[in-house]
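The values are calculated or read from the model by the stated rules, or taken from the named source; none is laboratory data. These numbers come from a predicted model, not from an experiment. Reconstructed Cβ throughout: ideal geometry from the backbone, glycine too, with neighbour counts over all protein chains shown.
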Amino acid sequence: MPLGNTFPLNTRLVVVMVGLPARGKTYTARKLARYLSWLGYRAHVFNVGNHRRRISGSQVPHSFFDPDNSDGASARRLAAESALEELHMWMEGGGQIGIYDATNSTTARRLWVRQHCERAGMEVLFIEVICNDPSIIEGNIRETKLTSPDYVDANPEAAVADFRARIAHYDQAYEPIIDDRLHYIKIIDLGRQLIINRIEGFLTGRIVQFVANLHTTPRPIWLTRHGQSEANVVGRIGEDTNLSPAGVRFSRNLTRFLNDRVGDSISIWTSTLKRTIQTGQALGRPTSALKLLDEIDAGVCDGMTYAEIQRTMPEDYAARTEDKLRYRYPRGESYEDVIRRLDPVLLELERQRGPILVIAHQAVLRTLYAYFTDHPREECPHLHIPLHTVIELTPKAYGTAERQFRLGPGIG
Ligand code: F6P
């Protein structure tokens, strides 16, 4: 991917996770990598645990993590070096944001990581994940650790006990970040409190805003295109036409779908185009119309069919076929532009804790769907988002659960 797509252009940042086990570091690291990749950065998570499993085997007893166990300490040091080396090589190969996922729970370990990165000309940002809420820790242990390769085939109660003993070893040696010369973000109890220190510039500002909105409260995010429009019937792109009779029928089906599932507490967002507003109106509930959700701007091609574009603008047609992500319609937008435009919408979707319905358009929903389902940006313009289908996404600690509901003929 050409570097010119991201800002700042010469980004070389290492994000170093810090915190005790089961605090949500890996969750935060993966979400952040996904968000930054979606925005167009080359971002990747390097997990020290994977290196530890490769070097020392996956099922080591908790005593391996005892700070007084010198064999364990040197094996863990080896794993840390190996993961940092992998990160370093990846950055040398053109990586932009390497996320170093480990406990990094002592001042000495953080100094070592920082010196290593700074010597290689990479900036370092620490993200310390602190969690004092026993119910969140308990949830993390049960939901994520028991499914970790460390405890394959283990008896669940024995695994929980072992993991608690492991946490206690880390707790013994844990030193929170106190050095105010460092660039850091402390996330306390899943965003209940955020402490930021020496955060400057565009990218780290985006990172702060993103992590501030993360939480793990399960809630459905329903994505649907508007009902079929008059332009859809004749295959013209863009425009601002009314719903067709089939589109009106879909909006009624959508009303039943929602009434079967939620009471009053739901947010409904539409674009400012008639086809989404009319679909939303049928629901008989309050809706908000957001310009940010308008369909990709087809510029001079608005109102044309694909066949007309191919006939009258063959070079543009070929250029779009060749690179649909980056092709920008003359006086219009590219998918990359749409991704940038939707950044604030994505943050709001992450922030919401209750059910939400987004009634929007094909390109816009491809873009949001690609983020939640972790599809690479290159695939985003080709994802299948049919008409008259509700996509239910439920973000979870690891990945997003998905279901689709057909509420009429699935056209397009
Ligand atoms: O055809 C419906 C539509 O929403 C158009 O308004 C829009 O230009 C198009 O889909 C986006 O899809 P694609 O990027 O595949 O052309």
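Got a sec? Which helices (runs of 4 or more DSSP H) wholly within the stretch 195-262 have at least 3 residues that are without any contact (Cβ under 8 Å) to a residue 60 or more places away in the chain and over 22 Å from the mean Cα position of the chain (by Cα)?
245-261
Spot the failing condition for Thr321; the list is (1) free of Cβ contacts under 8 Å to residues at least 40 places away in the same chain; (2) part of a loop (DSSP other than H, G, I, E, B), and only one is missed.
Answer for Thr321: the failing condition is (2).
Of the residues in the stretch 165-186, how many are part of a strand (DSSP E or B) and out of contact with any Lys or Arg (no Cβ under 9 Å at 6 or more places or on another chain)? Let's see the steps before the verdict.
Kept after step one, since they are part of a strand (DSSP E or B), are these residues of the stretch 165-186: 184-186.
Narrowing the set further to residues that are out of contact with any Lys or Arg (no Cβ under 9 Å at 6 or more places or on another chain) leaves 185-186.
The number of residues fulfilling the criteria is 2.
Each row is one residue, and each column tells you yes or no for (1) under 30 Å from Ser334 (Cβ atoms); (2) surrounded by fewer than 16 Cβ atoms within 10 Å (Cβ to Cβ).
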site: Arg42; (1), (2): yes, no
site: Asn50; (1), (2): no, no
site: Phe65; (1), (2): no, no
site: Asp68; (1), (2): no, yes
site: Ala75; (1), (2): no, no
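Can you pull out the residues in the stretch 275-296 that are within 16 Å of the ligand (Cβ to nearest atom), of a type outside the set (S, T, N, Q) and touching a residue at least 40 places away in the same chain (Cβ under 8 Å)?
In the first step, residues of the stretch 275-296 are kept if they are within 16 Å of the ligand (Cβ to nearest atom); the result is 275-279, 291-296.
Retained after the next criterion (residues that are of a type outside the set (S, T, N, Q)): 275, 277, 291-296.
Those that are within 16 Å of the ligand (Cβ to nearest atom), of a type outside the set (S, T, N, Q) and touching a residue at least 40 places away in the same chain (Cβ under 8 Å): Arg275, Leu292, Leu293, Asp294, Glu295, Ile296.
Please name all residue pairs, on different chains or six or more residues apart, with Cβ atoms under 7 Å, provided the first residue is in the stretch 76-102 and is in contact (Cβ under 8 Å) with a residue 40 or more places away in the chain and under 21 Å from Ser58 (Cα atoms) and the second residue is in a helix (DSSP H, G or I) and of a type in the set (S, T, N, Q).
Asp101/Thr26
Any residue that is within 24 Å of Arg340 (Cα to Cα) and either within 16 Å of the ligand (Cβ to nearest atom) or among the small types (Gly, Ala, Ser) (or both) - is there at least one of those in the stretch 250-265?
Going residue by residue through the stretch 250-265, those that are within 24 Å of Arg340 (Cα to Cα) are none.
So far as the stretch 250-265 goes, no, none of its residues is within 24 Å of Arg340 (Cα to Cα) and either within 16 Å of the ligand (Cβ to nearest atom) or among the small types (Gly, Ala, Ser) (or both).
With respect to the numbered conditions (1) at pLDDT 95 or above; (2) within 16 Å of the ligand (Cβ to nearest atom), which one is the sole condition not fulfilled by Leu349?
(2) is the only condition that Leu349 fails.
Quick check on my filter: what residues within the stretch 123-147 are assigned to a loop (DSSP other than H, G, I, E, B) and touching a residue at least 60 places away in the same chain (Cβ under 8 Å)? Step through it out loud before you land on a result.
Going through the stretch 123-147, the residues assigned to a loop (DSSP other than H, G, I, E, B) turn out to be 131-133, 144.
Across the stretch 123-147, the qualifying residues are Cys131, Thr144.
Within the stretch 232-244, does at least one residue satisfy the condition of being farther than 30 Å from Gly98 by Cβ, surrounded by fewer than 18 Cβ atoms within 10 Å (Cβ to Cβ) and away from the ligand (no atom under 16 Å from the Cβ)?
no
So, in the stretch 82-113, how many residues would count as being surrounded by 15 or more Cβ atoms within 10 Å (Cβ to Cβ) and charged (D, E, K, R)?
Of the residues in that region, 4 qualify.
Test Thr400 against the stated conditions and say whether it is among the β-branched types (Val, Ile, Thr), touching a Gly at 6+ places or on another chain (Cβ under 7 Å) and either away from the ligand (no atom under 13 Å from the Cβ) or more than 18 Å from Gly227 (Cα to Cα) (or both). Full working, then the answer.
Details: among the β-branched types (Val, Ile, Thr): yes; touching a Gly at 6+ places or on another chain (Cβ under 7 Å): no; either away from the ligand (no atom under 13 Å from the Cβ) or more than 18 Å from Gly227 (Cα to Cα) (or both): yes.
Considered against the rule, which asks whether it is among the β-branched types (Val, Ile, Thr), touching a Gly at 6+ places or on another chain (Cβ under 7 Å) and either away from the ligand (no atom under 13 Å from the Cβ) or more than 18 Å from Gly227 (Cα to Cα) (or both), Thr400 comes out as no.
Can you give me the number of residues within the stretch 297-324 that are of a type outside the set (Gly, Ala, Ser) and more than 10 Å from the ligand (Cβ to nearest atom)?
Looking only at the stretch 297-324, we keep the residues that are of a type outside the set (Gly, Ala, Ser), and these are 297, 300-302, 304-306, 308-317, 320-324.
Those left that are additionally more than 10 Å from the ligand (Cβ to nearest atom): 300, 308, 310-317, 321-323.
Residues in the stretch 297-324 being of a type outside the set (Gly, Ala, Ser) and more than 10 Å from the ligand (Cβ to nearest atom): 13 in total.
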